[in-house]
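See structure below.
Just so it is clear, none of the values below were taken in a lab; they were calculated from the coordinates. This is a predicted model, so every value here is computed, not measured. All Cβ positions, even for glycine, are placed from backbone atoms using ideal geometry, and neighbour counts span all protein chains on display.
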Amino acid sequence: MGLSIGTTIVGWDKNGPGIYYVDTDGNRTPGNLFSVGSGSPYAYGVLDTGYNYEMNDEDACNWPDPPNASVKNIQNPDTAVVNLMVLADTHLVGYVLGHPIDRIRRDWQMKRAFQASLYLHNPNAVIILGDILDEGKWATNDDFSYLVGRFRDIFHHDKTKTLVKTVVGNHDIGFHYATNEFLNNRFHRDVGDNIYTPPIYLWSFFGIHFVIANSIAFEGDNCDLCFEANFILKSIARYLDCLKISTPSNTKSCYSKELGMGLSDKFPYIDVDLNDPSSFVYSRPATKQLLESLRPRLILSGHTHYSCKMSHQFGNQSDSAVEWSVASFSWRNLANPGFLMLSISSTNYSVNKCYLPTELRLLQIYISGVLLILFVVTYQKLIPYFV
């Protein structure tokens, strides 16, 4: 049974870029054979030999391998490598600002891309960095329940193989002065499957520590949410410091310095004036507080819809942390949406940025597929007249 274009569009064969027919045993058929149509394993066509998909081997998505770590021994925190897929800003189309046709179209696109990514890459965990819903902040309970149902359909997964973590964003519960306890609890209960989720918390996964923060709770005005976030942040910082101190020097690799902050909404990024806080970034005091309290090595952020990379200096400029902002996963927000693939150990990490095809390229592929199907059907009908 072959893989349809819909399930191979984000995965590329190591033997070279292209779209290939894969048999039941997982072997790639030589040549330029491929399955056409969405989900149909029966209709096949042959690409013109001069066809170029405009993707080279360097652009092909694959897990980056950090040095000095063993991918096979995931049960041992000393050498375990975790394969992590990071998405952001899916913005499931709502009922006020969205059109039904656009809603169906975007849901289908993201579902096929996500399910294909799971099938091809088999990540240990997936983190979705905020703005999962586009209109969660004002949705009624009935509308919100329907949005959650769509979310679970698009991002359904085998929980025995892959863990999916969700982080709240401003479109899910509203910005700082628009949100409330009800909206916050509703999101975490229905989307995150947790009755209570603190505004910032430590998540340890195979010995690797992540601090996941709700940026809406770092306005600094001492509201209930901000007060709680500040208190928990200090507790997390003390706990991580104690971990580092109590770890014997000969087993230093067992201590994984807080490797990532999954920041749901905003974090300083390139060409932003931090003296003028906006809806896109943390304020300067909040930025300084987070960096100096946690001293991370890697920062993951969403909200901007674009993917970029920069370095932050802190601790009297003696320490630094690399920030990766994650592109939107929806074609509604970006012409070339994408996601990050991370290979992380307790001492190393590597990042690979993956892009999804443009809608124009998808349209060209499916038009070609339809034409090939018509050709095959017509050819089969005409065969009896020439035999």
Check: Can you sort Ser301, Ser328, Ser235 by how many other beta carbons sit within 10 Å, fewest first?
Finding: Ser235, Ser328, Ser301
Next item on the list: Determine, for Asp131, Asp107, the number of other Cβ atoms within 10 Å of each Cβ, and report the residues in order from fewest to most.
Entry: Asp107, Asp131
Next item on the list: Please order Ile383, Ile373 by the number of other Cβ within 10 Å, starting at the fewest.
Entry: Ile383, Ile373
Item checked: Distance between modelled label sites at Arg105 and Lys309, nm, 7 Å Cα→Cβ extension -> 3.3 nm
Note to self: Quick check: pseudo-label points 7 Å beyond the Cα along Cα→Cβ at Tyr355 and Tyr385, how many nm apart are they?
What the structure shows: 4.5 nm
Margin query: Quick check on my link table: of Lys165/Lys234; Lys161/Lys309; Lys244/Lys353, which ones sit more than 25 Å apart, alpha carbon to alpha carbon?
Written below: Lys161/Lys309; Lys244/Lys353
Next item on the list: Starting from the Cα of Asn336, step 7 Å along the direction of its Cβ; do the same at Phe375; then give the gap between the two resulting points in nm.
Entry: 2.8 nm
